[in-house]
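The values are calculated or read from the model by the stated rules, or taken from the named source; none is laboratory data. This one's a predicted model, so the numbers in the text were calculated from it and none came from an experiment. Cβ placement follows ideal geometry from the backbone for every residue including glycine, while neighbour counts extend to all protein chains displayed. Protein only, heavy atoms only, side chains kept; ligands, DNA and RNA dropped before computing areas. Shrake-Rupley method; radii C 1.70, N 1.55, O 1.52, S 1.80 Å.
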Amino acid sequence: MSLKVSNSSSKDDVQVGERLYLGMDFGTSGARFAIINKDGTILSEGKKEYPKFTVTLFSLLEAVPVNLRPLIASISIDGTSATTIIIDSNSGEPLWRPFLYNESCPDALPVVKSIAPANHTVCSGTSTLCKLVSWWNTEGENRESALLLHQADWLLWLLHGKLGLSDYNNALKVGYDPELESYPPWLLSQPYSQLLPSVQAPGTSIGYLKEGIRTEFGFPKDCVVCTGTTDSIAAFLAARATEPGKAVTSLGSTLAIKLLSTSRIEDARFGVYSHRLDDKWLVGGASNTGGAVLRQIFTDEQLEKLSEHIDPMEVSPLDYYPLQVVGERFPVADPKMVPRLHPRPQSDVEYLHGILESIARIEAKGYSLLKDMGATQVDEVFTAGGGAKNEKWTKIRERVLGLPVSRAIQTEAAYGAALLALKGAQAQHNEQ
């Protein structure tokens, strides 16, 4: 198990009486932590590769610098969306192996589609509700004492000890309605609704850190644990895009866009759904285009060298639809869409220019579709992911989108989780 910790602070950097806030991210590729002060400045961060979640949670706490631990006022955690754990409500022991975020349960999809409204977010084989229904239909025993938790809920429970609590971002894919702040009647009328956790807003103080953990690691008596969120929302929070019209495009192996909107939109055909963020909505869609296609054709070194020769102000005449495999859902819902990467010009610079510009057009079409569906019009885009480093691509995207595009200063989900911990501590302080 490898561990990397970087400290941007010494004890001298921390003011006397200053409180700090710890965020932990359990994403798809490893676990990270970030410690911030009330101004959002990072004082320490670290990363661990995965063996097991529990081992990682405690080894991550172990990695928090000893001199900073007594100053931590609150903790929050983000986890992968729709990673689901069915546990015993008395002991907290798992009753089944975890269902991973990208695991599909096609056996349960017809059942879910028969009870949920058309095109609802849960009408996807990977939804948390499909995983719950699949477990319910296979497992005859232990139904009475069973309880559903998401990955972040379960990790937070290990810290605060109160079973059965979740947040409205993680609970969206099990059918929770964040607008009504309740589970809908069509879900509550099902026999397995007894497994559903109670739901709070992300960054809500749940209770104090368990005494055993507090004393073992040296955290203070008044350290509170706050409800969490999903890893992709924590990454959005990290970018500090807080006004409607602000958006984050993530250029990783795929292209994902998230836009802060005053109105909520949902359409499962395009994989579009809205997460609640306080009094606003975070509207998102994900295309199958992105960096993975580029990596199929070019090495990282080639991408860097070829990009240097691109004139981003010049419009590329090439019209591609770069996909790794057949099928697209956003901004075009077409499971039979075939990748289009021809004709290939003799010049690799022109070819790369054409691919980058084609991905930028897909991004623009995505934001345009969200507006047509009723979302707030985008007015500024922050970029996260590996593609954010390519300045020529940023310039191409700025021209195609007709908007200011910049690299997000912070993109780590752990930083977003730390901001939630700060929010929870401030809310609790205001109540006292």
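Taking the solvent-accessible surface of protein heavy atoms with a 1.4 Å probe, what is the per residue accessible area of the range 327-416 in Å²? Write down the numbers at each step before the final one.
On the way: 4180 Å² over 90 residues.
The answer is 46 Å² per residue.
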key: Sum of -39500 (n - 2.57) over DSSP H runs of 4+, divided by residues of the chain (222 nm, nearest 500)   = -9000 deg cm²/dmol
remark   = Along the range 313-327, Karplus-curve 3J(HN,Hα) (6.51, -1.76, 1.60; θ = phi - 60°) to the nearest Hz, with x for Gly and Pro, reads 7, 8, 7, 7, x, 7, 10, 10, 10, x, 9, 6, 9, 5, x
ask   = Between GLY207 and residues 5 or more places away or on another chain, which pairs have amide H atoms under 5 Å apart, with H built 1.01 Å from N, and which residues are they?
value = VAL225
message = Can you work out the Karplus-derived ³J(HN,Hα) for every residue in the range 70-79? Use 6.51 cos²θ - 1.76 cosθ + 1.60 with θ = phi - 60°, whole Hz, and x for glycine or proline.
response = x, 9, 6, 8, 7, 9, 9, 9, 10, x
task = State, in angstrom, two size descriptors of the range 92-136 derived from its alpha carbons: Rg to one decimal place and Dmax to the nearest whole number.
result = 10.8, 35
task = Go through HIS353, PRO312, PRO94 and say which Cα lies farthest out towards the positive end of the charge dipole of the chain; charges sit on Cβ, +1 for Lys and Arg, -1 for Asp and Glu.
result = HIS353
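Can you give me the convex hull volume of the Cα atoms of the range 110-234, divided per residue and expressed in Å³?
Numbers: hull volume 15.3 nm³, N = 125.
Normalising the Cα hull of the range 110-234 by residue number yields 122 Å³.
So what are the range 273-421's ellipsoid semi-axes, whole angstrom, largest first, if each one is the square root of 5 times an eigenvalue of the alpha-carbon gyration tensor? Can you show the working numbers first?
Values: eigenvalues 147, 72, 46 Å².
Values for the range 273-421, descending: 27, 19, 15 Å.
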request  = Measure off, as a whole percent, the carbon and sulfur share of the 1.4 Å-probe accessible area of the chain, all protein chains present.
outcome  = 51 percent
key: Of every Cα-Cα pair in the chain, the percent that sits beyond 38 Å   = 24 percent
request  = Pull up the cross-link candidates among the aspartates and glutamates for LYS246, meaning alpha carbon to alpha carbon under 16 Å and not fewer than 8 places away within one chain.
outcome  = ASP278, ASP279, GLU363, ASP379, GLU380, GLU398
Probe 1.4 Å, accessible area per residue of the range 48-113, Å² = 41 Å²
note = Of the listed links LYS38/LYS131; LYS280/LYS395; LYS47/LYS258; LYS113/LYS365; LYS162/LYS423, those spanning more than 31 angstrom between alpha carbons are LYS38/LYS131
Reduced Cα scattering model of the range 78-179, Debye log10 I(q)/I(0), q = 0.13, 0.16 Å⁻¹ = -0.43, -0.65
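Cβ under 9 Å from LEU71's Cβ, LEU71 left aside: what net charge do those residues give with Lys, Arg +1 and Asp, Glu -1? It would help to have the intermediate numbers written out before the result.
Numbers: positive: ARG19, ARG69; negative: GLU18.
Cβ neighbours under 9 Å give a net charge of +1.
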task = Calculate, in whole percent, how much of the Cα-Cα pair population of the range 197-273 lies beyond 16 Å.
result = 68 percent
